Structures are given as C-alpha cells and as structure tokens.
Amino acid sequence: MKLRAHLLPRFCWLLLSVLCLLGSGSMAFAQEEGGGAAGVAALGAIMMVFLLIAAAMYVYVSLALMTIAKKTNTENPWLAWIPIINIILMLNIAKKPLWWFILCLIPLVQIVFFIIVWMAIAEARGKPNWWGILMIVPFVNLIVPGYLAWSD
C-alpha cells in the first residue's frame, strides 16, 4: 500500500509532465489560432479522471488499513487516514520498531522495508507472509490490502 502510495505522486507528476509536453507541442504546431482551448480542456478532463481514481484508491487503502488495525487490536486505527502518519500505524500493526519510520522515507530502501512490513502485517492477520511479497506485483497490490482486511 505505502509502496503504491509513494509511487502514485511520482507517476502523477510524470503523467502531468507528459501531457503538458504533448499539449504544448500540439498547440505550437497547430495551424488554427483557436485550437488550444480544446487541448487544455481535454487535459483538464484527463487529470480530473486521474485524480478521482487516485482518491478512490486512497479511500480503499485507508479503509483496508483501518480495518486491519481494528482486527489486530492496534491502538488508533484512525491514523490510517493521515497520509504520512499511517506508516506509523503500519509499523504498530507489524510490531516493528518506530525508528523504521526513518528508513521508510529513504528512496529505494523503502521498497525493501515496506515489503517486510506488509509481510509482518499479513502474519499479524494470520495469513502466510508471502502475501506481503505480493505487494511488489503491479495490480495484485491493489487486491492484497483488501484481502488482508476483509477475509476471515
């Protein structure tokens, strides 16, 4: 989840940059003067759809993390809704030391530590720890938090 949450803003900026470059290039080579407004409107519509999908994913992962915290009797499950602080909630669920929070902020190192944390979260829910390893598989990582939260 956090791996996806950290990659999502980077992907958003990359997508925005590409769309701006494409939009500005089409406006520069346009033969008509009034064609730029349609490109800007299309870019705005694409970004709005992307932001709605990102918001829906954030709500889904926050609900799943809050449910996991409640089922593991972890204090303060509402921390799942606060963007950076939910890492501390994940560490509490996984019963890992809080100084790992600093390691989770280091790029590239965070990938390894989030996999270890998700493996421990899976074990806290009574599931095999390989469910945590599945968090590095694209599109499967959308299923893992829901499975850990709402399965028996």
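Just so you know, all these numbers are worked out from the coordinates, no wet-lab data involved. Every value quoted in this text rests on a predicted model; they were computed, and no experiment measured them. Here Cβ is always computed from backbone atoms with ideal geometry, including for glycine, and neighbour counts include all displayed protein chains.
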Response to the item:
Phi angles of the stretch 78-87, converted by Karplus (6.51 cos²θ - 1.76 cosθ + 1.60, θ = phi - 60°) into ³J(HN,Hα) in whole Hz with x for Gly and Pro, give 5, 5, 4, 8, 9, x, 8, 5, 5, 5
Worksheet item: With r defined as the distance between the Cβ atoms of Leu134 and Trp99 and R0 fixed at 25 Å, what FRET efficiency is calculated, to the nearest 0.05?
Response: 0.45
Worksheet item: Counting alpha carbon pairs within less than 8 Å and at least 6 residues apart, what relative contact order, in whole percent, applies to the stretch 25-152?
Response: 19
Worksheet item: Given a Förster radius of 22 Å and the C-beta distance between Phe50 and Ile82 as r, what FRET efficiency does 1/(1 + (r/R0)^6) yield to the nearest 0.05?
Response: 0.45
Fill in: Distribution of pairwise C-alpha distances over the stretch 31-152, 5 Å bins, in %
2, 11, 17, 21, 17, 9, 5, 5, 4, 4, 3, 1, 1
